[in-house]
Amino acid sequence: MDLERHGLKLGAKPALLVVDVINGFTDHDSPLGTDCPDVISANLKLLTAFRKKERPIFYTTVVYSSPDQARVFRDKLPALDMLTPESKWIEIDSRLNRLPNEIIIEKQWASAFFRTNLDGYLRSFGVDSLVVTGLTTSGCVRATVVDALQYNYKVVVPRDAVGDRNPSAHQANIFDMHKKYADVLSLEETLTLL
């Protein structure tokens with residue numbers, strides 16, 4: 001039997017959260033990278049819409065400043081060790097044209113909320129809902145979406161604006177997030193909500 005679910009859409013004061021669209025995840029020279037021009041394009045459309053509405057925009061990046069940070073996560077996935085403060089891999093992909101007033105949240109684990117100041121920023125801006133985009137669907141996007149729900153934010157995930165190195169994992173997580181944690185919509189539907 002299929003569980004009943006209700007679409008919640010967005011609240012009155014949404015923010016855009018672009019998860020880990022950084023060089024380390026978008027550049028093929030990186031062992032963590034994947035080719036995702038469609039995800040970049042969809043994010044650009046969302047960024048334009050949020051900028052026009054003067055709504056808050058946040059980005060996340062993954063940065064390890066010391067060997068002991070997120071040690072178990074890094075032991076599981078050693079390629080993460082390349083995400084150091086001096087590396088180009090932690091920089092937001094330049095194709096997104098990040099503006100100086102758009103805040104970058106540095107994180108060490110999958111969720112943008114875990115041991116970061118993201119929730120404090122969102123509360124200070126009066127944010128009541130999130131559009132969550134970025135990379136990867138099965139990892140940091142999903143973890144962030146689950147935590148956003150747990151912090152009582154309504155969440156919309158535009159399926160065109162998220163991506164994964166594994167297409168099967170992408171589809172499975174899109175399905176699961178829509179069933180339990182967020183409204184997964186098309187880019188056009190998301191833009192209409194704004």
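What follows is calculated from the coordinates using simple rules that are stated; it is not laboratory data. From a predicted model like this one, the values you see are computed outputs, not experimental measurements. A quick note on method: Cβ atoms are made from the backbone with ideal geometry, for glycine too, and the neighbour counts reach across all protein chains shown.
In this label model, Ser65 and Arg115 are separated by 1.2 nm, measuring between points 7 Å along each Cα→Cβ vector.
Ranked from highest to lowest mean number of other Cβ atoms within 10 Å per residue, what is the order of the peptides 5-13, 35-43? The partial results should precede the final answer.
Details: 5-13: 12.3, 35-43: 17.7.
Highest to lowest by the protection proxy: 35-43, 5-13.
Sorted ascending by nearby beta carbons within 10 Å, beginning with the fewest, Met177, Met82 become Met82, Met177.
Can you check what the net charge comes to around Asp75, using other residues whose Cβ is under 14 Å from the Cβ of Asp75 (Lys, Arg +1; Asp, Glu -1)?
Numbers: positive: Arg71, Arg74, Lys76; negative: Asp68, Asp81.
Spelling it out: positives minus negatives among the neighbours equals +1.
Backbone phi angles across segment 129-138, fed through the Karplus curve with coefficients 6.51, -1.76 and 1.60 (θ = phi - 60°), yield HN-Hα couplings of 7, 10, 9, 10, 10, x, 9, 9, 4, 7 Hz in residue order; Gly and Pro are listed as x.
Only DSSP H runs of four or more residues enter the estimate; each adds -39500 (n - 2.57), and after division by the residues of the chain the mean residue ellipticity at 222 nm equals -9000 deg cm²/dmol. Sites listed here are chymotrypsin sites (Phe, Trp or Tyr not before Pro) in segment 94-138 whose DSSP assignment is loop and whose Cβ has at most 15 other Cβ atoms within 10 Å: Phe114, Phe125. If I build a Gaussian network model for the chain, linking alpha-carbon pairs within less than 10 angstrom, which residue out of Lys107, Lys180, Lys154 has the largest mean-square fluctuation? Per the Cα network of the chain with a 10 Å cutoff, Lys180 tops the list. The trypsin sites (Lys or Arg not before Pro) found in segment 45-98 that occupy coil by DSSP, while having at most 16 further C-beta atoms within 10 Å, are Lys53. With both residues required to sit in the chain, DSSP beta bridges show an antiparallel share near 5%.
Size of the dipole of segment 41-105 about the Cα centre, Lys and Arg at +1 and Asp and Glu at -1 on the beta carbon, nothing else charged, in debye to 20?
Numbers: 11 positive and 8 negative charges, 94 e Å.
Dipole of segment 41-105, to the nearest 20 debye: 460 debye.
Rank Ala161, Ala79, Ala110 by mean-square fluctuation in a GNM of the chain with C-alpha springs under 10 angstrom and give only the top-ranked residue. Result: Ala79 has the largest fluctuation of those listed. Ranking Thr133, Pro67, Tyr151 by how far each Cα lies toward the positive end of the dipole of segment 14-193 (charges on Cβ) leaves Tyr151 at the top. Projection of the Cα convex hull of the chain, averaged over all directions and equal to a quarter of that hull's surface, yields 11.0 nm².
The dipole here belongs to segment 14-193: it is taken about the Cα centre, uses +1 on the Cβ of Lys and Arg and -1 on the Cβ of Asp and Glu, and is about 400 debye.
What is the sum of charges, Lys and Arg at +1 and Asp and Glu at -1, for the other residues whose Cβ falls under 13 Å from the Cβ of Asp38? Intermediate results must be reported in sequence, preceding the final value.
Working: positive: Lys45, Arg95, Arg159; negative: Asp35, Asp160, Asp164.
My count for the surroundings of Asp38 gives 0.
So what's the gap between the Cα centers of segment 173-191 and segment 57-76, to the nearest angstrom? So the two Cα centres are separated by 27 Å.
Largest GNM mean-square fluctuation among Thr61, Thr34, Thr48, using the chain with Cα springs under 10 Å: Thr48.
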